[in-house]
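> Provided herewith is a single structure, encoded as structure tokens, for subsequent inquiry.
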Amino acid sequence: MIKLASGALLFFLVAASPEIRYFRYQRTVQNLPQQPGQACLALDAGIFAHAAPQLADLRLYRDGVEAPYATHLATPIEQGQEKTIASLNLGIRGGQTVFDAELPEAHYSDLQLAITAENFIATVNVTGSRAQAGSAETRLGSYTIFDLTKQKLGRSTVLHLPESDFKYLHFRIVGPVSPQEISGLSVERLPASQPSYVTVAESSQIMQKDHSSVVEFTVPAHVPVDRIVFAPGATPAMFSRDVAIRVTAVTTTPEAGDHQPAVFSNGNLLRIHSVQNGRKIDEERLSIDAPASDFDMAAKWTIAIDNGDDEPLKLESVRLQMLERQLCFDSASSGGGVLYYGDSALSAPRYDYATLFAAKADAAQVAVGPEKANPAYQPRPDERAFTEKHPALLWIALVAVVALLGTIALRSVSKSTPAA
């Protein structure tokens, strides 16, 4: 009977097919191109909020017929591409610490020096070349690195180079950093273009609690958040503040959210525009990567900035943002298009188009109109087997069968036992 119930459930999952009348929401595709080719539209937070997890129930219809599509990040972020690079020819030359590095075959920008020195300010002069010793060098610039933790202004050993692809870089450090305090550097390959973000929520309502500035958001279920952006006022010109992030499920009872524990993360905000020891420092870090979270219900985001004994930051706004996701399709066919979603019975579609999809730089950018209730909507009928609708009856039947078999066994034993 258990196998029968499992089979009934499997039948239900397979049998659930998309039909326009079972979708709660719809959005009209606008500005469709007249020429054939690839077309893409941005998926905003509202679609994630009302669609099934991972957009499993999202469907595109062209003239009433389901059309294949593919979803992807508008600007893919290459994960795991940060590469640690050893320092070469490390030593002292002319009283200054010098070393070389061989870079990967890719475009790059920011470099992170691995330095163990503390409480210092130094200048790093960087040149690039296509080949090793003897080749022409191109000056990339001079960059200030520092550790000002004693002044409560943080630390930065990042070199903000212009976008480069030199195979070899040469570094000369002017300042109190010895060769023994350098263990290498790391570089992250640049994506083909800068990431595009969509604002999920924004607030200027900042609460002061003890020594912290706190801002809270409620984000609908399944809406992704990839970074948090802070917009402080012009003053103070210099600050370093630690930030704590807590994400919890919004529930009416504590027991309801037990299966999704709170998510915690932290980061640091930094702004320094100053001249110290004759060296100019211009450094800002005003965004923080958001912790990965996907709640089955609305989530409460609590962001606390630790001001310590300093005056609280005058924040103009705090924004939660997600990387732009796009839905792309073939616009060869004529006619209109409508996005439908809001049918939790559906599983994710499997299109050959998505399997073979390759984003095109010249794809037409289209838009979707505001979300509307599907005027043809009607609840999907419950097509489950009787035992699926009434699972308690299954257990009652099992108990009854066990009891009956036990009774028959006892009677058989009593009949086979000879009289004394």
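The values are calculated or read from the model by the stated rules, or taken from the named source; none is laboratory data. Bear in mind that the values here come from a model prediction, so they are computed numbers and not experimental data. Note: ideal-geometry Cβ built from the backbone for every residue, glycine included; neighbour counts use all protein chains shown.
> So which strands (runs of 3 or more DSSP E) stay within the range 159-248 end to end and still have 3 or more residues that are of a type in the set (S, T, N, Q)?
212-219
> Something else now. If a residue has to be of a type in the set (S, T, N, Q) and either farther than 16 Å from R93 by Cβ or not assigned by TED's automatic domain parsing to the domain that holds Q112 (or both) to count, how many in the range 158-182 make the cut? Reasoning before the result, please.
Initial filter on the range 158-182 (of a type in the set (S, T, N, Q)): 164, 178, 180.
With either farther than 16 Å from R93 by Cβ or not assigned by TED's automatic domain parsing to the domain that holds Q112 (or both) added as a condition, the list becomes 164.
Result for the range 158-182: 1.
> May I ask you to say which residue of A397, A376 is touching a residue at least 12 places away in the same chain (Cβ under 8 Å) and assigned to a loop (DSSP other than H, G, I, E, B)? Show your work before the answer.
Numbers: A397 fails: assigned to a loop (DSSP other than H, G, I, E, B).
Exactly one residue qualifies, and that residue is A376.
> Given the criterion out of contact with any Cys (no Cβ under 6 Å at 6 or more places or on another chain), modelled with pLDDT of 95 or more and either surrounded by fewer than 17 Cβ atoms within 10 Å (Cβ to Cβ) or of a type in the set (V, I, T) (or both), identify the matching residue among S344, S317. Walk me through it before giving the result.
Values: S344 fails: modelled with pLDDT of 95 or more.
Within the list S344, S317, the selection yields S317.
> Quick one: would you say L313 is touching a residue at least 12 places away in the same chain (Cβ under 8 Å), out of contact with any helix residue (DSSP H, G or I) (no Cβ under 8 Å at 6 or more places or on another chain) and in a strand (DSSP E or B)?
For L313, the condition - touching a residue at least 12 places away in the same chain (Cβ under 8 Å), out of contact with any helix residue (DSSP H, G or I) (no Cβ under 8 Å at 6 or more places or on another chain) and in a strand (DSSP E or B) - is not met.
> Kindly indicate whether S186 is over 30 Å from H50 (Cβ atoms), modelled with pLDDT under 95 and within 26 Å of the chain's Cα centre (by Cα).
Numbers: over 30 Å from H50 (Cβ atoms): yes; modelled with pLDDT under 95: yes; within 26 Å of the chain's Cα centre (by Cα): yes.
Spelling it out, S186 is indeed over 30 Å from H50 (Cβ atoms), modelled with pLDDT under 95 and within 26 Å of the chain's Cα centre (by Cα).
Here is a yes/no grid of residues against (1) under 24 Å from E284 (Cα atoms); (2) out of contact with any Lys or Arg (no Cβ under 8 Å at 6 or more places or on another chain):
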residue	(1), (2)
L161	yes, yes
D165	no, yes
R172	yes, no
V177	yes, yes
Y197	yes, no
F217	no, no
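> Being exposed (fewer than 15 other Cβ atoms within 10 Å of the Cβ) and assigned to a strand (DSSP E or B), is that true of even one residue in the range 99-107?
So the first thing to find is which residues in the range 99-107 are exposed (fewer than 15 other Cβ atoms within 10 Å of the Cβ), and the list is 102, 104-107.
From what is left, the residues that are assigned to a strand (DSSP E or B) are 102.
Yes, the range 99-107 has at least one match.
> What residue, of T116, T84, is out of contact with any Asp or Glu (no Cβ under 6 Å at 6 or more places or on another chain) and touching a residue at least 24 places away in the same chain (Cβ under 8 Å)?
T84
> Additional query: Here is a list of conditions, (1) outside any loop (DSSP other than H, G, I, E, B); (2) within 20 Å of D110 (Cβ to Cβ); (3) within 31 Å of the chain's Cα centre (by Cα), and L153 meets all of them except one; can you say which number that is?
(1)
> Which residue pairs have Cβ atoms closer than 8 Å, lie 6 or more positions apart in sequence or on different chains, and pair a first residue in the range 139-155 that is at positive phi with a second residue that is in a strand (DSSP E or B) and crowded, with 20+ Cβ neighbours inside 10 Å?
From residues that are at positive phi, the pairs are G141/V126; K152/S240; G154/S240; G154/I272.
> Is the range 136-146 home to any residue that is in a loop (DSSP other than H, G, I, E, B), closer than 22 Å to S186 by Cβ and not charged (D, E, K, R)?
No, there is no match, as no residue in the range 136-146 is in a loop (DSSP other than H, G, I, E, B), closer than 22 Å to S186 by Cβ and not charged (D, E, K, R).
> Let me ask another. For the range 348-359, give me the residue count where each residue is touching a residue at least 40 places away in the same chain (Cβ under 8 Å) and loosely packed, with under 12 Cβ neighbours inside 10 Å.
Qualifying residue count, the range 348-359: 1.
> Determine which single condition P312 fails, assuming it passes every other condition in (1) over 25 Å from the mean Cα position of the chain (by Cα); (2) crowded, with 19+ Cβ neighbours inside 10 Å.
Going through (1) over 25 Å from the mean Cα position of the chain (by Cα); (2) crowded, with 19+ Cβ neighbours inside 10 Å one by one, P312 breaks only (2).
> Take the range 257-306 and flag every residue that is more than 22 Å from R227 (Cβ to Cβ) and assigned to a loop (DSSP other than H, G, I, E, B).
Residues satisfying the conditions are D258, H259, P261, N277, G278, D296, M297.
> Of the residues T235, T253, only one is among the β-branched types (V, I, T), at pLDDT below 95, over 24 Å from Q205 (Cα atoms) and surrounded by fewer than 18 Cβ atoms within 10 Å (Cβ to Cβ); which?
On the way: T235 fails: over 24 Å from Q205 (Cα atoms).
T253 is the lone residue from the list that is among the β-branched types (V, I, T), at pLDDT below 95, over 24 Å from Q205 (Cα atoms) and surrounded by fewer than 18 Cβ atoms within 10 Å (Cβ to Cβ).
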